[in-house]
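Input: a single structure, listed below in structure tokens.
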Amino acid sequence: SIAAVYGLRLSHQEQIMTTYYEHKCGDSLDLAVVLPDRFPDGYFTEYDVASQIRNVGPNGALIAEIICTWVDPVTTRTLRLQRLNTKTWPSGPAHFDVQFTRRTDGFVLSSKTSTIFIVDDVTRELVP
């Protein structure tokens with residue numbers, strides 16, 4: 001599954017995604033990452049979370065930082081990944097993951113790398 005830390009599920013518009021996600025350049029990114037049931041409620045309360053999206057390729061150039069927030073910081077069941085402005089994102093495949101860093105000792109755990117396909121938007125602002 002996409003954005004998997006041992007099986008995280010990524011949903012968008014109430015769909016469970018598989019191994020890739022298509023995103024239209026210029027649309028706001030707003031995804032939910034659901035932790036699997038084997039992680040008890042509150043498991044990640046002592047973790048900071050971060051996410052980046054990068055070009056696929058040898059240099060892995062940074063496209064953007066993704067804002068990560070817990071939907072409920074007490075249960076830590078669902079993460080919300082957001083980036084409101086994606087107008088400058090290049091078309092083509094990109095990778096992203098979620099990184100969990102435990103505050104107490106700096107232990108780092110990353111999700112599986114997921115592929116997102118950035119495509120041009122069809123409906124755009126008209127330039128006068």
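Which of rounded, prolate or oblate describes region 18-107 when judged by the alpha-carbon gyration tensor and an a/c cut-off of 1.5? Could the numbers behind the result be given before it?
Values: a/c = 2.20, a/b = 1.75, b/c = 1.26.
Prolate, because a/c is 1.5 or more and a/b exceeds b/c.
Just read off the accessible area of Lys112 with the full protein assembly in place, 1.4 Å probe, to the nearest 10 Å².
120
Considering only the other residues whose Cβ falls under 14 Å of the Cβ of Glu65, what net charge follows from Lys and Arg at +1 and Asp and Glu at -1? Don't skip to the answer; put the middle values down first.
Values: positive: Arg54, Arg83; negative: Asp48, Asp97.
Summing Lys and Arg as +1 and Asp and Glu as -1 gives 0.
Excluding Arg102 itself, what net charge comes from residues whose Cβ is under 11 Å from its Cβ, given Lys and Arg +1 and Asp and Glu -1? The partial results should precede the final answer.
On the way: positive: Arg103; negative: Glu46, Asp48, Asp105.
Neighbourhood net charge equals -2.
At a probe radius of 1.4 Å, what is the per-residue accessible area of Leu109, in Å² to the nearest 10?
30
Tell me the net charge near Ser51. Cut-off is 11 Å between Cβ atoms, Ser51 excluded, with +1 for each Lys or Arg and -1 for each Asp or Glu.
Net charge in that neighbourhood comes out at +1.
Could you please put Leu62, Leu35 in sequence from largest to smallest accessible area, using a 1.4 Å probe?
In descending accessible area the options line up as Leu62, Leu35.
The values are calculated or read from the model by the stated rules, or taken from the named source; none is laboratory data. This structure is a prediction, so every number in the text was calculated from the model and none was measured. Glycine gets a Cβ as well: all are built from the backbone with ideal geometry, and neighbour counts include every protein chain shown. For the accessible areas, the whole protein counts, side chains as well, though only heavy atoms, and no ligand, DNA or RNA atoms are used. Shrake-Rupley method; radii C 1.70, N 1.55, O 1.52, S 1.80 Å.
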